[in-house]
Amino acid sequence: LTAIETSLLRWESGHFTNYTSEEKRPNRRNRFITFFQRRLMLADEHRIGDFHDDDDTHLSSPSESGKLPLLRDLPVDPSTLCRLASSCFRAAEDLHVVEGSWTLVRIAVRLLTSKHGYLLKETKIQDVIGLCNACAANKEIGKGRDYISRTLARRIVQLLNEALQETKAESASGLLMLSEATPGELCSLFWSLGEIGVRHSSTDENPLSAFKKLRLVTERPLLSRGELESLSPTSFALLLNALVSLGTTSTDPLFVQNVLSRLESKVSELAIGPEFCQVVESLSMIRRLVGHLSKETKKSHADKVSPDVQDTQLNSEESDDRREEKNSTKEEIHVLCSRLLSLAADAAAKKVSAFTAKEMRTLLSTYSVLPLQADTLADAMDHELAKRVRALERAGQMEDSASIENLVRKAADDAVEAANAFASLSEGAAPPTARDDENSVAREIEDLSELLDRAAAATSAAAARLERVVRGTRVTTDACLRRLEEGEAIELGRCQELVSDYRRIEFSK
């Protein structure tokens, strides 16, 4: 990975573009045929310039045109670059220690968005989704992160707006075919775009210019009914989060209603953990947003009604019918969210022991703030919190004079000493009187000796592993355990406060 990053940085700085003669220039005209499935026009002399965008200022990059990198000098296939950037960030999420390579993401974005997204149109939709997910998932600090992410999102939204206006995917401009992506991949794309800052807009905005403001304009739902039926619980979790971040609740409430209706049968299939909490949080936000929009709509309609203007009222009957239909849809969404949250509370109460303290706090906070009655969940969590607090209190009362490393090393030494002592004792033991007794005792001694040897070997291996970790990371096991205990104690205390806060709520009958 380090070698690839170094090579890409050299390419970006233009170290491969200075050739003294045509003879020394490498012949790389056919390098990207396997990636694009056809020869690109001007691919050999395609020069990657600075970021140019309609609304943002330029980032610092090579300014001299002679130093700008050429596509033919790229040391890695563009498709491989996108997949590598995406894989690094997925590994960072799984390992929690490895950091995703922002260098790979930045150079890949610069490559695909240059020349008004010329190469982006030739890229497979799966590679675009992976790169977009990497931009949304990165934790890079600084304005460069937002600028690069918006640059990619703006070009993707431009192509999506053009593609979604077409009734047939084959007639969409460019080669960013939505039909080539699975419904789950599209959910991932919409989620990442929402995380970057894209918003769903109504159809009265010009789709050809809306991309400049990061507005996704569609004349049809983001997913069809058939595509919604095929979504997995994980994809539903991403889609719900995308609906909240994109603001689709206010622009396409009917689509949100269809999504919630199909989610009802999949609540029991949601995996306990972050995915479950993500769904609950999204449902609560949609429920609050729908209630807020309904109040605003009723208030604005009441302010506009005037008894002296009868002609205006007659002419607005059609718009009033549409408004009533939207209000009815929003009320149905509110009811669906409440029902789904109740189902989620019942499912969580049955598996409360599988949640971490942080996830329990997320659920308790959601149901307390709404507020929504979930007594079964509150009782189950109260009982589970009490058990965990008692376990931590007992752990705190134990003697901590020796470190974990010393305890494991002492156990290994004691196990080896016991095995040696037993071997010496068995050798000097008096022989039995009968032959059968002799065989029986010999077998028992041999079995016990093997057990002691295995115990000593396992304990020694554990001690050796701890020592290697401490020497390699310079972090002691005690420090890690202490941080975990202290952090968990704080989270459990916050959860108990949320349970007490929930008990004080007076729910209407």
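Using the Cβ of Ala418 as centre and a radius below 13 Å, the other residues enclosed give a net charge of -2, where K and R count +1 and D and E count -1. Largest accessible area first, the residues Arg150, Arg388 order themselves as Arg150, Arg388 under a 1.4 Å probe with ligands, DNA and RNA left out. Report the Cα centroid-to-centroid distance between region 473-509 and region 359-380 in angstrom, as an integer. What the calculation gives is 15 Å, centre to centre.
Per-residue counts of other Cβ atoms within 10 Å, averaged by peptide: what ranking do you get for 214-225, 127-138, highest first?
Details: 214-225: 17.7, 127-138: 23.7.
In descending order of packing, they fall as 127-138, 214-225.
Would you mind checking which residues have amide H under 5 Å from Gly247's amide H? H placed 1.01 Å from N; only 5 or more apart, or other chain. So Gly247 has HN proximity to His200.
Kindly state, to the nearest 0.05, the FRET efficiency for Lys115 paired with Arg454, given R0 = 56 Å and r defined as their beta-carbon distance. Working shown, then result.
Values: r = 66 Å, r/R0 = 1.17.
FRET efficiency, Lys115 to Arg454: 0.30.
Suppose R0 equals 45 Å. What FRET efficiency, 1/(1 + (r/R0)^6) with r the Cβ-Cβ distance, do Thr6 and Thr477 give to the nearest 0.05? Intermediate results must be reported in sequence, preceding the final value.
Working: r = 35 Å, r/R0 = 0.78.
For Thr6 and Thr477, the calculated efficiency is 0.80.
Couplings 3J(HN,Hα) of region 271-280, computed from phi: 6, 5, x, x, 4, 5, 5, 5, 5, 4 Hz, in residue order, whole Hz [Karplus 6.51 cos²θ - 1.76 cosθ + 1.60, θ = phi - 60°; x for Gly and Pro].
Could you calculate the FRET efficiency of Ser230 with Ser268 from 1/(1 + (r/R0)^6), where r is the beta carbon distance between them and R0 is 30 Å, rounded to 0.05? Write out the running numbers ahead of the final one.
On the way: r = 18 Å, r/R0 = 0.60.
Using R0 = 30 Å, I get an efficiency of 0.95.
Once the Cα-Cα distance is subtracted from the 0.36 nm per residue extended length, the Ser202 to Ala137 segment shows a gain of 20.7 nm.
Segment Glu497..Thr356, full-extension length gain: 49.1 nm, with 0.36 nm per residue of separation and the alpha-carbon distance subtracted.
Distance between the pseudo-spin-label points of Ser209 and Ala418 (7 Å out from Cα toward the beta carbon): 8.2 nm. Computed from backbone phi, the HN-Hα couplings of region 184-191 come to x, 5, 5, 4, 5, 5, 5, 5 Hz, rounded to whole numbers (Karplus: 6.51 cos²θ - 1.76 cosθ + 1.60, θ = phi - 60°; Gly and Pro given as x).
Mind checking the dipole of region 436-509: about its Cα centre, +1 per Lys or Arg Cβ, -1 per Asp or Glu Cβ, Debye to the nearest 20? Roughly 1000 debye for region 436-509. Stretched out straight at 0.36 nm per residue, the stretch from Ala386 to Glu486 would grow longer than its current Cα-Cα span by 34.4 nm.
The values are calculated or read from the model by the stated rules, or taken from the named source; none is laboratory data. Because the structure is predicted, anything quoted here is derived from the model rather than measured. As a convention, Cβ positions derive from the backbone with ideal geometry for all residues, glycine included, and neighbour counts pool all protein chains shown. Each accessible area value is taken on the protein alone, full model and side chains, heavy atoms only, with ligands, DNA and RNA left out. Shrake-Rupley method; radii C 1.70, N 1.55, O 1.52, S 1.80 Å.
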